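Inspection log for the structure reproduced underneath, given as structure tokens.
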Amino acid sequence: TIVKVPVTAGQSVKKDDVLVVLEAMKMENEIMAPHDAKVAAVLVAKGDSVETGAALVSLQ
């Protein structure tokens, strides 16, 4: 389940910035930017349930 999405489309992010916080098995996991980039699209919203491997954020 998506707990927090602190980025928006068009935003620039740096390597290791938090893109999405999700809860799985009662633990919160931070999904971080793998490199400096621009957020092309946010594909999830707070409260969404997602499957393993689902796209959460699109980076340019």
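Only the coordinates and a few stated rules stand behind these numbers; no lab work does. Nothing here was measured: the structure is a model prediction, and the numbers come from that model. All Cβ positions, glycine included, derive from the backbone under ideal geometry; neighbour counts span all protein chains shown.
Things worth noting here:
- Stretchable slack from Ala45 to Asp16, in nm (0.36 nm times residue separation minus alpha-carbon distance): 8.4 nm
- For the chain, the Cβ-based charge dipole about the Cα centre amounts to some 140 debye (Lys, Arg positive; Asp, Glu negative; other atoms uncharged).
- Computed over the chain: relative contact order in percent, which uses C-alpha pairs under 8 Å that are six or more apart: 38 percent
- Contour excess over end-to-end distance, with Cα ends at Ala9 and Met25 and 0.36 nm allotted per residue: 2.9 nm
- Sequence-distant residues sharing a close amide H with Leu19 (under 5 Å, placed H): Ile31, Met32, Ala33
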